[in-house]
Amino acid sequence: GLGAHRHPSAASAAHPPSWQRQASIYVRWKMFICLGKAVGAGAICAGFGVPLWPVVGLLVFWLNWIPIAGSAISIVLPIPLAMADPSSTGVQVLALVIATAAMHLVVDNCVEQVFMARAMTLH
């Protein structure tokens, strides 16, 4: 019948090659992880009363796409904002840095690794 004479690209469009599926899975999971880190960083900053915490969250989302350096920048990003608040103490700023660093370390080294290992099946 007509189905037997399909163009080869029609079949490949329905089933993209493995590398395309893997790339799509990676980007999707990375996006969710970036969103989770952004929400986490924003919540930590809001909890410590950091002004512009939504901006910090947004920047953390985008910085997380940069391996290693993105997380490092994200950890120090709220420090000047926290220090600009005259009511914040050195102990509060230090606690903010520790909380932010702990969240990034756990997500980068545990959560992201587990989710990516389960989602990706690279050969």
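The values are calculated or read from the model by the stated rules, or taken from the named source; none is laboratory data. These numbers come from a predicted model, not from an experiment. Quick reminder, even Gly has a Cβ in these numbers, built from the backbone with ideal geometry, and neighbours come from all protein chains shown. Note: accessible area is taken over every heavy atom of the protein model, side chains too, but ligands, DNA and RNA are not part of it. Shrake-Rupley method; radii C 1.70, N 1.55, O 1.52, S 1.80 Å.
Exactly one residue among 94, 63 is surrounded by 14 or more Cβ atoms within 10 Å (Cβ to Cβ) and at pLDDT 90 or above, and that residue is 63. Residues in segment 24-60 that are open to solvent by 40 Å² or more (accessible area, probe 1.4 Å) and either on the phi > 0 side of the Ramachandran plot or touching a Lys or Arg at 6+ places or on another chain (Cβ under 7 Å) (or both): 49, 52. Among the residues making up segment 34-55, those that are within 12 Å of residue 103 (Cβ to Cβ) and among the aliphatic types (A, V, I, L, M) are 38, 39, 41, 43, 44.
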